[in-house]
Amino acid sequence: MDIQAHLKRQANEGALAYSLDALNAAKSNLLFSTVAKHALALRRECDTFFNIFPSDRLLCDQLHVNLSVASADYKKAKIIDDSLLQAIEMPSSSPSTGDVMIQWTTPDPPLRAPPDQCCIFLALICSFGSEQPETAKPIVARSPVLEKVVIRRLLDSLNKDLDHCRPATAMTGEYMEQRLRTIAKDMRGIITPKNNEDVIEAPDAKLDAAVLRILLSLQEADAEPPPVGEDGEALPPSRPELLSASKVQHLLRAFIRLLDVSSHAARVVHPELSTFLRVVLEPMAIFRDAK
């Protein structure tokens, strides 16, 4: 009835008038395109006036349901497929390869500096799917407010290290340890005083162990085994003197991707880096296990 009323007053609205025979035929048969266009126009009208006329909204919904039943093409174009809805209701499991995902964004006010000079990151470190409690669960962390100039300075220095490492055959473990500790400080938002006085850092046994672990993973495959004591037992591992240049380059590239604020988001797959960042971001974890 609503469509027939529109057809009758079409001549009064400046359009081509329907003949009497066409109006009589429309009482029993309507073109599918006519009904679809009318349903689309009615939906736009309801959205424009925020559905203040319930009768029009009811007619709009009825047309939508009947058209989806009558036409498979209309249903495919206008209704979300059931498989997509199931994918939303039952999302796939997170990766179990230790993927590191990071997103850089602008912090909320109040801020100590202009918003364009500050940033924060949200990080997700996926689990390894192992039975070890340290890596069995993913970790989500949110950084404090960081200064962009500090992160940019760190990123520039890592790019220089990558350029210097490319022609080299090895890198010293001492220098790489300094770089790892600097990265941990900057990501945690620890600000070093500008004066020349030496700052005594608080001991962090977990960070020390994480730095040593990642340094040992950067050795060459044919590196000498750890020393053995007089009783035949292996001595505690120590910082290696030389590291593999290719492994260090791979690690630096992963750090550069994560610390690039201008990219807004990044994802890297580096198991050793994932284990190291777990310790670095642990103080900033959003969800903590009850103890």
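Every read-out reported here was derived from the displayed coordinates using simple, explicitly stated rules and does not represent laboratory data. If you're wondering where the values come from, they're calculated on a predicted model, not measured in any experiment. With ideal geometry, Cβ positions are generated from the backbone for all residues, glycine too; neighbour counts draw on all protein chains shown.
Here is how the numbers come out for the structure above:
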quantity	calculated
Which listed pairs, of 185/247; 137/185; 37/78; 27/78, have C-alpha distances above 20 Å, in listed order	185/247; 137/185; 27/78
Residue-averaged 222 nm ellipticity for the chain, from DSSP H runs of 4+ at -39500 (n - 2.57), nearest 500	-14500 deg cm²/dmol
Cα gyration tensor shape of the range 18-85, rounded if a/c is under 1.5, else prolate or oblate by comparing a/b with b/c	oblate
Label of the coordinate-derived value, Rg/Rh (Cα atoms, Kirkwood Rh), listed as [x] 1.27; [y] 1.16; [z] 0.97	[x]
Dipole of the chain, positive direction: furthest Cα of 277, 97, 55, with charges on the beta-carbon	55
Peptides 235-244, 44-53 ordered by average Cβ neighbours within 10 Å, highest first	235-244, 44-53
Phi-based couplings in Hz for the range 143-158 (Karplus 6.51, -1.76, 1.60; Gly and Pro marked x)	7, x, 5, 10, 8, 4, 5, 5, 5, 5, 5, 5, 5, 5, 5, 5
By average C-beta atoms within 10 angstrom, highest first, the peptides 78-86, 29-37	29-37, 78-86
Net dipole in debye of the chain [+1 Lys, Arg Cβ; -1 Asp, Glu Cβ; about Cα centre; nearest 20]	1480
